[in-house]
Amino acid sequence: KEFAPTAGDITKDYAIVESAGQLDGLVEELRAAKRFAFRVVQSAPLAMRADIVGLAFSTAPRRARYVPIAQRVVGMLGSDDAIPLRDVIDRLRPVLEDASITKVGHDLKVDLVLLERFGVKVRGLECDTMLASYLLDATRSGHPVEDAALEHLGYKALTDDEVCGRGPKGVELADLPPQALLDYAGERADLPLQLADRL
């Protein structure tokens, strides 16, 4: 794995959605694609206790859009760098609840719990790559997206520790600026999309 490509090595199209206009453009892209992968970036491991830090979407391999949410980081970023959660939810709800648009993800139960807390019932689920990985090899102790990406795509994904640090110097995802989370969030949507058909 020391020689596997990483986010810093590959050519990719990951970008931050910084305005309501760009968010509307993303919604149209998701609707036109008819199939996309998504991930809710959360502030804590347990979905019932977590806040939504942002949402990532991918409609094609190595293409992702990250929508940061205006929460704790808004004070250091300014209002132009994050969109209020209610605005994000209201704009994305139609495509997330449209059963004719298929969705892919990794460990989707967490995403579904978080979104349902805000009244969004995601429909059109096609593949959860964590469950697919489990069905292929139930003997493993865990099925993180990093392991699946390395095994099936030959790609070394960023880990939580690499993004947040560990120990006393570690920070929470919610305290990081969107640019620092872009590759991490982008991978969380991009990699399941690439993995779904293989698995």
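Filter the stretch 146-159 for residues that are out of contact with any Leu (no Cβ under 8 Å at 6 or more places or on another chain) and either touching a residue at least 24 places away in the same chain (Cβ under 8 Å) or surrounded by fewer than 14 Cβ atoms within 10 Å (Cβ to Cβ) (or both) and give the result.
Leu150, Gly154, Leu158, Thr159 - these are the residues of the stretch 146-159 that are out of contact with any Leu (no Cβ under 8 Å at 6 or more places or on another chain) and either touching a residue at least 24 places away in the same chain (Cβ under 8 Å) or surrounded by fewer than 14 Cβ atoms within 10 Å (Cβ to Cβ) (or both).
Would you check which residues across the stretch 53-74 are modelled with pLDDT of 75 or more and surrounded by fewer than 22 Cβ atoms within 10 Å (Cβ to Cβ) and list them?
Step one: filter the stretch 53-74 for residues modelled with pLDDT of 75 or more, giving 53-69.
Residues satisfying the conditions are Thr59, Ala60, Pro61, Arg62, Arg63.
Any residue in the stretch 5-30 that is more than 17 Å from Leu182 (Cβ to Cβ) sitting within a Cβ distance under 7 Å of a residue that is in a helix (DSSP H, G or I)? List the pairs, counting only those 6 or more apart or interchain.
Close Cβ pairs satisfying both conditions: Ala20/Asp87; Asp24/Arg91; Val27/Arg91; Val27/Leu92; Val27/Val95; Leu30/Val95.
Tell me, which residue of the stretch 1-60 that is in a strand (DSSP E or B) and not hydrophobic (A, V, I, L, M, F, W, C) is farthest from Asp160 (Cα to Cα)? Give the steps one after another, and end with the answer.
Taking the stretch 1-60 and keeping what is in a strand (DSSP E or B), we get 13-16, 35-42, 52-60.
Pick out the ones that are also not hydrophobic (A, V, I, L, M, F, W, C) and you get 13-14, 35, 39, 42, 54, 58-59.
Details: Asp13: 21, Tyr14: 18, Arg35: 27, Arg39: 14, Gln42: 11, Gly54: 15, Ser58: 20, Thr59: 23 Å.
Within the stretch 1-60, the match that is farthest from Asp160 (Cα to Cα) is Arg35.
Residues in the stretch 118-125: is at least one at pLDDT below 95, open to solvent by 40 Å² or more (accessible area, probe 1.4 Å) and not β-branched (Val, Ile, Thr)?
Yes: the stretch 118-125 contains one or more residues that are at pLDDT below 95, open to solvent by 40 Å² or more (accessible area, probe 1.4 Å) and not β-branched (Val, Ile, Thr).
Checking the structure you have, find out if any residue of the stretch 75-86 is modelled with pLDDT under 90 and among the acidic types (Asp, Glu). Give the steps one after another, and end with the answer.
Here is the first cut: in the stretch 75-86, the ones modelled with pLDDT under 90 are 75-86.
Keeping just the survivors that are among the acidic types (Asp, Glu) gives 80-81.
Yes, some residue in the stretch 75-86 is modelled with pLDDT under 90 and among the acidic types (Asp, Glu).
Only one of (1) closer than 22 Å to Ala60 by Cβ; (2) open to solvent by less than 30 Å² (accessible area, probe 1.4 Å); (3) part of a loop (DSSP other than H, G, I, E, B) is not met by His143, so which one is it?
(1)
Which one of these does Pro45 not meet: (1) free of Cβ contacts under 8 Å to residues at least 12 places away in the same chain; (2) farther than 19 Å from Met130 by Cα?
With respect to (1) free of Cβ contacts under 8 Å to residues at least 12 places away in the same chain; (2) farther than 19 Å from Met130 by Cα, Pro45 is out only on (2).
What number of residues within the stretch 8-32 are open to solvent by 50 Å² or more (accessible area, probe 1.4 Å) and within 22 Å of Tyr155 (Cβ to Cβ)?
Number of matching residues: 5.
Please find, among Ala157, Ala132, the residue that is part of a loop (DSSP other than H, G, I, E, B) and aliphatic (A, V, I, L, M).
Numbers: Ala132 fails: part of a loop (DSSP other than H, G, I, E, B).
Testing whether each residue is part of a loop (DSSP other than H, G, I, E, B) and aliphatic (A, V, I, L, M) leaves just Ala157.
Of the conditions (1) closer than 30 Å to Ala148 by Cβ; (2) touching a residue at least 60 places away in the same chain (Cβ under 8 Å), Val120 clears all except one; give me its number.
(2)
So which residues in the stretch 90-111 are touching a Leu at 6+ places or on another chain (Cβ under 8 Å) and either assigned to a helix (DSSP H, G or I) or of a type in the set (Phe, Trp, Tyr) (or both)?
Selection gives Arg91, Leu92, Val95, Leu96, Leu108.
Within the stretch 161-199, which residues are touching a residue at least 24 places away in the same chain (Cβ under 8 Å), assigned to a helix (DSSP H, G or I) and open to solvent by 60 Å² or more (accessible area, probe 1.4 Å)? Before you say what the answer is, go through the steps one by one.
Initially, the stretch 161-199 is screened for residues touching a residue at least 24 places away in the same chain (Cβ under 8 Å), giving 172-179, 181-196, 198-199.
Imposing the further condition that a residue be assigned to a helix (DSSP H, G or I) reduces the set to 173-175, 178-179, 181-196, 198.
Selection gives Asp175, Gln179, Arg198.
Just to check your reading of the model, which residue among Asp107, Asp98, Asp111 is of a type in the set (Asp, Glu), open to solvent by less than 60 Å² (accessible area, probe 1.4 Å) and more than 15 Å from Arg188 (Cα to Cα)? Quick ask: steps written out before the conclusion?
Values: Asp107 fails: more than 15 Å from Arg188 (Cα to Cα); Asp111 fails: more than 15 Å from Arg188 (Cα to Cα).
From the options Asp107, Asp98, Asp111, the qualifying one is Asp98.
The values are calculated or read from the model by the stated rules, or taken from the named source; none is laboratory data. It should be emphasised that the depicted structure is a prediction, and the values quoted were computed from it without experimental measurement. All Cβ positions, even for glycine, are placed from backbone atoms using ideal geometry, and neighbour counts span all protein chains on display. Protein only, heavy atoms only, side chains kept; ligands, DNA and RNA dropped before computing areas. Shrake-Rupley method; radii C 1.70, N 1.55, O 1.52, S 1.80 Å.
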